[in-house]
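Below: the structure, in C-alpha cells.
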Amino acid sequence: MHPKAAGLKPAATSQKSAGLKTRHHKGLHIGLREGKLDARVAPTRDRTAARCQGILLDAGRGNSVTRLSGKVALVTGGGTGIGRAIALAFAREGASVAVAGRRLEKLREVIGEVQKRGGAGLAMECDVTRARDVERAVKGTVERFGRLNVLVNNAGTLHVSTVEGISEEEWDRVMTVNVKGPFLMSRAVLREFRKCGGGAIVNIGSVLGLFAVKDRAAYCASKGGVTMLTKAMAVDHAHEKIRVNCICPSVVETDLVKGVFNETEKGQAMLKERLATIPLGRLGRPEDVAEMAVFLASEESAWLTGAAIPLDGGLTAY
C-alpha cells in the first residue's frame, strides 16, 4: 500500500523532501536550499565548449552571481573614459580582460585596478589601424587566457568641421580609426570565436551614426559606417552564433567632453543648451555605456544581434 493511502508521511530521503529543489540548465546544476542559491557546474561532455562559452550563473553558496564568468574580453581604447569603465565593469562581472590602445601607461593603470579588485587582466600597446598590431593583440589575449569570447571596439576619434573645412588627410584619419579599426579588429577575432562556438562583438558607435548635426561631416559618416558594419556582420555571422551589436551614445562625460563644457561662462552656456535637448536632464557617464556593454556581452542578450541601440537620455525620442 502507498504510504499516503495508509495515512503515513514518507521519509524525507529525496532532495525535494529534504528542502532542496533542483533544476538543470545547460550544464549548470542549481539547487535552492532554504531560499539560498547553490550552483555548481554539472559534468559536460565537451569541456572545451563549456570553458569557451562561460556560464550564466556561476556562484557557489554565499557568493555573488557574476554575469561574465568564464569569458575573456578584449577592449580597444581601454585606457580612459568609456573603455576604462567597460574594462572595470567586465572584470567586476567575472571576465578576464585585455585592454589595448596606444598609451600603454594608461592601460597598465586600468589593469592595476582590475587586479586590485581580484580580477585578471592584460595591457597591450596596439594601433587598431594597423593589421599587424591587431593580430598581435588578439594573439596575445589568447596566449594569456586561452580563448577569446568578447570584443569591444571602443577606440575612436572626433573631428569638428563641414566637408569644406576638413583636409583630405584628416578625413582619412577619422575614417581609418573609426571604421577601419573596427573592421580589422572584428575580422581578427572571428577565428577565435569559432573555436569557442560563438562570441559577441560590441561596437561603440554614436547617435551621430543614426542622425546628423552640423559641423560633424566626417564623424557622422564614420559612425554611420560603424552602424552598418554592425548590421552587416550580424547578418553574415549569426549562423555561427557570433552576435554583433552597437551602442550609440550621445554626449558622455569623458575628459574630452569636460574640457568642452568647462567652468567658463561659454562652457557652462554650452552645457545648459545641450542639457535642454536631453529629456533625462544630464549627460551620459562612462558607467552608463559600460553597463549596456555588460548586457550585450552576456548571455542575457543571447537573442539580440544587429541592433544599434541609442543610449542618449531620451535625445532620439523627440
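Side notes on the structure shown:
- In plain terms, the residue of Trp171, Trp303 with the fewest other Cβ atoms within 10 Å comes first and the most crowded comes last, giving Trp303, Trp171.
- Taken one residue at a time, the phi angles of the stretch 283-292 give Karplus couplings (6.51, -1.76, 1.60, θ = phi - 60°) of 6, x, 10, x, 5, 4, 5, 4, 5, 5 Hz. Gly and Pro are set to x.
- Unit Cα scatterers, Debye sum, the stretch 111-174: log10 I(q)/I(0) for q = 0.26 Å⁻¹: -1.20
- Computed E for Met270/Glu143 - FRET, C-beta separation, R0 51 angstrom, nearest 0.05: 0.65
- Cβ-to-Cβ counts within 10 Å put Ser206, Ser96, Ser301 in ascending order as Ser301, Ser96, Ser206, the fewest first.
- Cα pair distances of the stretch 75-137 binned at 10 Å [whole percent]: 28, 54, 17, 1
- The Rg/Rh ratio for the stretch 197-271, using Cα coordinates for both the radius of gyration and the Kirkwood hydrodynamic radius, is 1.15.
- Size of electric dipole in the stretch 142-191: Cβ of Lys, Arg +1 and of Asp, Glu -1, about Cα centre, debye, nearest 20: 580 debye
- The overall shape of the stretch 177-309, judged from the alpha-carbon gyration tensor, is prolate: a/c is not under 1.5, and a/b is greater than b/c.
- Under 5 Å, built H, 5+ apart or other chain: amide partners of Cys196: none
- Computed from the C-beta positions of Ala232 and Leu104 and an R0 of 35 Å, the FRET efficiency is 0.60 to the nearest 0.05.
- Counting neighbouring beta carbons within 10 Å and listing from fewest to most, the residues Thr277, Thr264 come out as Thr264, Thr277.
- Mean projected area of the convex hull spanned by the Cα atoms of the stretch 72-317, taken over all viewing directions: 13.3 nm².
- Ranking Ala95, His159, Ala131 by Cα position along the charge dipole of the stretch 72-317, where only Lys, Arg, Asp and Glu carry charges on their C-beta atoms, puts Ala95 farthest toward the positive end.
- With 0.36 nm allotted per residue and the present C-alpha distance subtracted, the Ala317-Asp215 stretch has 34.5 nm of extension available.
Laboratory data are not the source of any read-out in this text; all were calculated from the coordinates shown. What you are looking at is a predicted structure, and each value in this text was computed from that prediction instead of being measured. Here Cβ is always computed from backbone atoms with ideal geometry, including for glycine, and neighbour counts include all displayed protein chains.
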